[in-house]
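**Q** Can you read through this structure? Questions will come right after.
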Amino acid sequence: MTEAIIRAQQVEKFYAQPSANRIQVIAPTDLSILPVEIVALLGPSGSGKSTLLRMLSGLSKPSGGQVFWHEKPIETVHINVSIVFQSFALFPWLTVLENVEAPLKAVGVEPEARKERSLKILDTVGLDGFQAAYPKELSGGMRQRVGFARALVIEPEVLFMDEPFSALDVLTAENLRSELLELWQKKTIPTQAIFIVTHNIEEAVLLADRIIVLGRNPGHVRTDFKVGIAHPRDKKNPTFTKLVDYIYTVLTRPDVTPDVPRLHTDGRRVRDQRQMRYEMLPHARPGGIAGLLEFIIDFGGHIDVYRLADELAFEIDDLLPIVDAAQLLGFLTVEEGDVAITPAGREYAESEILKQKELFRAAAVEHVLLLRQITRALSNKSDHTVPEEFFLDMLDEQFSEEETQRQLETAINWGRYAELFDFDAAKRRFILPEAEEETAAAVQENEEP
């Protein structure tokens, strides 16, 4: 078995309080960083991603448990790691070359040697010719390249990266990701492992050999799996999309952890008799979907979903179900962590209430299998009513008992809003609106003298 470079054994982080209680940030957790792998750490806001990175890198001491460096307690040995931060964290009064030389100077490398090493790494990251520039003269992408160069110049065995691309525009981030992957695959850098904290699911699937997803309250590992797709990875490949969807589900559904999609070595998904026939309905209300679309229009029709969460002061795992619902209905597209409104979504958001119901009804029947089945069953039944139990029996083949009930509650909410059907809570039966009108008319007729 390959020896881990860094191994965390039951590490936890908590803060004591004056009372006997304490604030638990990270629950006792086991985790390893192995040679020759890129590990991506994902999780909702407040799950402790950066806290865990700081403990693994030796910046912060765990409240409990132990971190080992090559099986020796991390506090007893000299560790060879470096960190790339989200905010660039450059010294504005130093030139590019001086910024890159700073860590070498701190460990006592002679001036001539550190200049030679710094110029070499600047050339490697594409900054040859900018060594005399100051950070204020550089674009965001170039400043982050300086951050990469400064981290790599000490030739770290493990490179930690804390959301290194999140402050960059989409194109710049895409370019830097590709360049980092190229340096890694060609072994241009001596780094043995990369540990990257990210909020971008597509980024994680694009880069990582292994992905860890945290839950929160307190932070804990929800899933830890190998990606198993050969590089270069195609974002439009169905396997890529399946893994992205799986991670979205884990992030947005703290109550369930679905099975990791199993892959053939060529990247094709294994056909599984347990594969879900019904797409899981995100638990979002139609009014919330309309409100989300209006906000996205105000931001020009497209925005990074995590920036949107910040702008609205939402927790990301509260916002994602609404995003997923809008995407399922064809009102949004989601790519590279960016949401973009579709023409159908714009029309829905900008329409009057009655028109919105009509558009929602059409989208729901087209895109949601469960709603389509309910309406067809009601239409084909002679009395146009169907007991709830009929649909519960179908759903519980693939969902837990609790989730089956939640799925049906969401379907009822959507169906009522779209006026596809009604639901009699006392009798636990689905009813077509026309059938209710006919029944009411019959009752009235019978009551007339």
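Here, each number is a calculation from the coordinates, and none is a lab measurement. Please read these numbers as outputs of a predicted model, since none were measured by experiment. Every residue, glycine among them, receives a Cβ derived from its backbone with ideal geometry; neighbour counts consider all protein chains shown.
**Q** Of all DSSP beta bridges located in the chain, what percent are antiparallel, nearest 5?
**A** If I count the DSSP bridges inside the chain, around 65 percent turn out antiparallel.
**Q** Further question on the same structure: What is the angle, in °, between the Cα long axis of helix 111-124 and the longest principal axis of the Cα atoms in the chain? Nearest 10 is fine, range 0 to 90.
**A** 30 degrees
**Q** What distance in nm separates the simple spin-label points at F314 and V170, each placed 7 Å from Cα in the Cβ direction?
**A** Placing both labels 7 Å along Cα→Cβ, they lie 1.8 nm apart.
**Q** Please give the length that would be gained between Q405 and N380 if that part of the chain were fully extended, namely 0.36 nm times their separation in residues minus their C-alpha to C-alpha distance (nm, one decimal).
**A** 6.6 nm
**Q** Compute the length gained on full extension between L183 and H78: take 0.36 nm times their separation in residues and subtract their Cα-Cα distance, giving the result in nm to one decimal.
**A** Taking L183 through H78 to full extension adds about 35.2 nm, to one decimal.
**Q** Per q in 0.14 1/Å, what log10 I(q)/I(0) does a Debye calculation on the alpha-carbon atoms of the stretch 67-212 return?
**A** Log-scaled intensity ratios, in q order: -0.67.
**Q** Roughly speaking, what % of Cα-Cα pairs in the stretch 1-80 are separated by over 15 Å, rounded to a whole number?
**A** In whole percent, the share of Cα-Cα pairs in the stretch 1-80 beyond 15 Å is 58.
**Q** Expressed as a whole number of Å, what is the distance separating the alpha-carbon centroids of the stretch 72-90 and the stretch 149-182?
**A** 15 Å
**Q** Then there's this: Given a Förster distance of 41 angstrom, what is the FRET efficiency for E137 paired with D234, based on the Cβ-Cβ distance and rounded to 0.05?
**A** 0.65
**Q** Okay, moving on. At a Förster radius of 30 Å, what calculated FRET efficiency corresponds to the Cβ-Cβ distance of F91 and V36, to the nearest 0.05?
**A** The computed FRET efficiency comes out at 0.35.
**Q** Right, something else. Starting from a Cα-only point model with no solvent, please compute log10 I(q)/I(0) by Debye for the stretch 276-367 at q = 0.20, 0.25 1/Å.
**A** For the requested q values the scattering log ratios are -0.92, -1.38.
**Q** Something else now. Evaluate the charge dipole of the chain about its Cα centre and quote only its size in Debye, nearest 20, assuming +1 on the Cβ of each Lys and Arg and -1 on the Cβ of each Asp and Glu.
**A** The calculation lands at about 2020 debye.
**Q** Same structure, new question: Does anyone have the angle between helix 353-367 and the longest principal axis of the chain? Alpha-carbon axes, 0 to 90°, nearest 10?
**A** So the inclination is approximately 70 degrees.
**Q** Under a Cβ-only charge scheme (Lys and Arg +1, Asp and Glu -1), can you give me the dipole magnitude of the stretch 6-252 about the Cα centre, in debye to the nearest 20?
**A** Taking the Cα centre of the stretch 6-252 as origin, the dipole is about 500 debye.
**Q** Another question, if that's okay. Using a Cα-Cα cut-off of under 16 Å, which lysines could be cross-linked to K13, ignoring same-chain neighbours fewer than 8 residues away?
**A** K49, K61
**Q** To continue, here is another question. Is there a quick way to get the dipole size of the stretch 276-367? I mean about its Cα centre, with the Cβ of Lys and Arg at +1 and of Asp and Glu at -1; what is the value in debye to the nearest 20?
**A** Dipole size: approximately 500 debye.
**Q** Then there's this: Hey, could you get me the Stokes-Einstein D for the stretch 6-252, Kirkwood radius over alpha-carbon pairs, 20 °C and 1.002 mPa s, rounded to whole µm² s⁻¹?
**A** The estimated diffusion coefficient comes to 113 µm²/s.
**Q** Grab the eigenvalues of the alpha-carbon gyration tensor for the stretch 24-69, scale each by 5, take roots, and send me the semi-axes largest first in whole angstrom.
**A** 17, 15, 9
**Q** Quick one: order H367, H78 by neighbouring beta-carbon count within 10 Å, fewest to most.
**A** So the ranking, lowest neighbour count to highest, is H78, H367.
**Q** Among M142, S351, Y248, flag the residue with its Cα farthest along the positive direction of the charge dipole of the chain, charges on Cβ as +1 for Lys/Arg and -1 for Asp/Glu.
**A** Comparing the listed Cα positions along the dipole, M142 ranks first.
**Q** To continue, here is another question. Pull up the cross-link candidates among the lysines for K136, meaning alpha carbon to alpha carbon under 27 Å and not fewer than 8 places away within one chain.
**A** Candidates past the 8-residue exclusion: K105, K115, K120.
**Q** Please list the three semi-axes, largest first and in whole Å, of the ellipsoid equivalent to the chain, using sqrt of 5 times the eigenvalues of its alpha carbon gyration tensor.
**A** Value: 51, 24, 19 Å, ordered largest first.
**Q** State the answer as a single residue: which of H199, H367, I303 lies farthest towards the positive end of the charge dipole of the chain, with beta carbon charges of +1 for Lys and Arg and -1 for Asp and Glu, about the Cα centre.
**A** H199
**Q** OK, next. Assuming R0 = 45 Å, what is the FRET efficiency of T51 and L354, from their Cβ-Cβ distance, to the nearest 0.05?
**A** 0.35
**Q** Straight distance only, please: which aspartates and glutamates reach the Cα of K186 with their own Cα at less than 17 Å, same-chain residues fewer than 8 apart left out?
**A** Output for K186: E37, D123, E155, E157, D209.
**Q** Here is a follow-up. Between R22 and E434, what is 0.36 nm times their sequence separation minus the Cα-Cα distance? Round to one decimal in nm.
**A** 142.6 nm
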